[in-house]
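**Q** The structure is given below, and queries will be raised subsequently.
The values are calculated or read from the model by the stated rules, or taken from the named source; none is laboratory data. This is a predicted model, so every value here is computed, not measured. Here the Cβ positions follow ideal geometry from the backbone for every residue, glycine too, while neighbour counts run over all protein chains shown. Please note that ligands, DNA and RNA were not included when accessible areas were found on the heavy atoms of the full protein model with its side chains. Shrake-Rupley method; radii C 1.70, N 1.55, O 1.52, S 1.80 Å.
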Amino acid sequence: DAGITQSPRHKVTETGTPVTLRCHQTENHRYMYWYRQDPGHGLRLIHYSYGVKDTDKGEVSDGYSVSRSKTEDFLLTLESATSSQTSVYFCAISEPGQGFIQYFGAGTRLSVL
Amino acid sequence: DAKTTQPNSMESNEEEPVHLPCNHSTISGTDYIHWYRQLPSQGPEYVIHGLTSNVNNRMASLAIAEDRKSSTLILHRATLRDAAVYYCILDRGRASGSRLTFGEGTQLTVNP
């Protein structure tokens, strides 16, 4: 998985609780992304980062926040989880010199009950 | 962002070539054509990308129409391991990073 580690791999939580998902990379890639994938659908971009402390919203950012305090870590936080945020979350990385090819992690399966 | 259109599903036999089509009639001059695939229970995996010319790599070939309004991903000899959802995606590779927009893709079934 191109030096990308997502943690946890599985999580079950209750509605209203905060949840933080972590993406860690060992590739020193500049760009990092968080996507979600729901059954039968393609991935949708939540937030992305183009450098340390530089982040921007994606297509489905409501209810999510992100932080990137160092190159290797990109955190996705659900401030107050809802059942609609039950999904599989994928982290990806890319580097401009490599044609913006994105490399994906193995995913985190989150269930909000 | 320009959209792509792909068939929902395709079927192939093992060791035969597979041609996966993609229409992108509203593509802009700076859009790259990317193909990713997703095997069951895994994250997407990069396959190939191109701008104007046909491209080959160890996984596949990408044939791009002269007007760039369509492209075809070619798997030269399908294996059972190639059974996956294949996504055709346009991306501009902005200075702020690429932002891939995944559609529903084509589910490829490979028969033994």
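**Q** How many residues does the range A:30-80 contain that are facing chain B (nearest Cβ under 10 Å) and in a loop (DSSP other than H, G, I, E, B)?
**A** So the answer is 6.
**Q** Could you list, in sequence order, all residues of the range B:54-74 that are polar (S, T, N, Q) and away from chain A (no Cβ under 14 Å)?
**A** If the condition is that a residue be polar (S, T, N, Q) and away from chain A (no Cβ under 14 Å), then B:Asn54, B:Asn56, B:Ser61, B:Ser70, B:Ser71, B:Thr72 are the ones that fit.
**Q** Further question: Looking at A:Lys70 and the list (1) free of Cβ contacts under 8 Å to residues at least 60 places away in the same chain; (2) closer than 23 Å to B:Tyr36 by Cα, which single condition is not satisfied?
**A** All conditions pass for A:Lys70, except number (2).
**Q** I need a count of the residues in the range A:46-57 that are open to solvent by 20 Å² or more (accessible area, probe 1.4 Å) and closer than 17 Å to B:Arg99 by Cα. Spell out the reasoning first.
**A** From the range A:46-57, those open to solvent by 20 Å² or more (accessible area, probe 1.4 Å) are A:50, A:52-57; that's our starting set.
From what's left, closer than 17 Å to B:Arg99 by Cα: A:50, A:54-57.
Summing the residues that are open to solvent by 20 Å² or more (accessible area, probe 1.4 Å) and closer than 17 Å to B:Arg99 by Cα in the range A:46-57 gives 5.
**Q** Can you go through B:Arg99, B:Arg81, B:Arg77 and tell me which one is assigned to a loop (DSSP other than H, G, I, E, B) and more than 14 Å from chain A (Cβ to nearest Cβ)? Can you show your working first?
**A** Details: B:Arg99 fails: more than 14 Å from chain A (Cβ to nearest Cβ); B:Arg81 fails: assigned to a loop (DSSP other than H, G, I, E, B).
Step by step, each of B:Arg99, B:Arg81, B:Arg77 is checked, and only B:Arg77 is assigned to a loop (DSSP other than H, G, I, E, B) and more than 14 Å from chain A (Cβ to nearest Cβ).
**Q** Identify, from the list B:Val55, B:Val47, the residue that is free of Cβ contacts under 8 Å to residues at least 12 places away in the same chain and of a type in the set (Val, Ile, Thr). Break it down into steps so the answer makes sense when it comes.
**A** Working: B:Val47 fails: free of Cβ contacts under 8 Å to residues at least 12 places away in the same chain.
So the residue among B:Val55, B:Val47 that is free of Cβ contacts under 8 Å to residues at least 12 places away in the same chain and of a type in the set (Val, Ile, Thr) is B:Val55.
**Q** Give me the residue from the range A:90-101 that is under 15 Å from A:Arg36 (Cα atoms) and facing chain B (nearest Cβ under 9 Å) and, out of that set, surrounded by the fewest Cβ atoms within 10 Å (Cβ to Cβ). Before you say what the answer is, go through the steps one by one.
**A** Taking the range A:90-101 first, the residues under 15 Å from A:Arg36 (Cα atoms) are A:90-93.
Applying the additional criterion that residues be facing chain B (nearest Cβ under 9 Å) yields A:90-92.
On the way: A:Phe90: 25, A:Cys91: 28, A:Ala92: 28.
Among those residues, the one meeting the criterion is A:Phe90.
**Q** Return the residue satisfying two criteria in turn: it lies in the range B:50-105 and is modelled with pLDDT under 90 and charged (D, E, K, R), and of such residues it is farthest from B:Glu14 (Cα to Cα).
**A** B:Arg94
**Q** Only one of (1) under 22 Å from A:Arg44 (Cα atoms); (2) touching a His at 6+ places or on another chain (Cβ under 6 Å) fails for B:Ile74. Which number is that?
**A** Against the list (1) under 22 Å from A:Arg44 (Cα atoms); (2) touching a His at 6+ places or on another chain (Cβ under 6 Å), B:Ile74 comes up short only on (1).
**Q** Does A:Glu27 fit the bill of being part of a loop (DSSP other than H, G, I, E, B) and in contact (Cβ under 8 Å) with a residue 24 or more places away in the chain? Spell out how you get there, then give the answer.
**A** Details: part of a loop (DSSP other than H, G, I, E, B): yes; in contact (Cβ under 8 Å) with a residue 24 or more places away in the chain: yes.
Yes: the conditions hold for A:Glu27.
Yes/no matrix, rows are residues, columns are (1) exposed (fewer than 14 other Cβ atoms within 10 Å of the Cβ); (2) within 26 Å of B:Gly105 (Cβ to Cβ); (3) of a type outside the set (Phe, Trp, Tyr); (4) modelled with pLDDT of 95 or more:
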| residue | (1), (2), (3), (4) |
| --- | --- |
| A:Cys23 | no, yes, yes, yes |
| A:Glu27 | no, yes, yes, no |
| A:Trp34 | no, yes, no, yes |
| A:His41 | yes, yes, yes, no |
| A:Arg44 | no, yes, yes, no |
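**Q** Follow-up question, since we're still on this one. Does A:Ser87 satisfy the criteria of being in contact with an Asp or Glu (Cβ under 6 Å, 6 or more places away or on another chain) and either loosely packed, with under 15 Cβ neighbours inside 10 Å or more than 10 Å from chain B (Cβ to nearest Cβ) (or both)? Write out each step before concluding.
**A** Details: in contact with an Asp or Glu (Cβ under 6 Å, 6 or more places away or on another chain): yes; either loosely packed, with under 15 Cβ neighbours inside 10 Å or more than 10 Å from chain B (Cβ to nearest Cβ) (or both): yes.
Spelling it out, A:Ser87 is indeed in contact with an Asp or Glu (Cβ under 6 Å, 6 or more places away or on another chain) and either loosely packed, with under 15 Cβ neighbours inside 10 Å or more than 10 Å from chain B (Cβ to nearest Cβ) (or both).
**Q** Okay, next question. In contact with a Phe, Trp or Tyr (Cβ under 9 Å, 6 or more places away or on another chain) and more than 21 Å from A:Cys91 (Cα to Cα) - does that describe any residue in the range B:25-46?
**A** Of the range B:25-46, the ones in contact with a Phe, Trp or Tyr (Cβ under 9 Å, 6 or more places away or on another chain) are B:32, B:34-38, B:42-46.
Going one step further and asking which of them are more than 21 Å from A:Cys91 (Cα to Cα), we end up with B:32.
The answer is yes; a qualifying residue exists.
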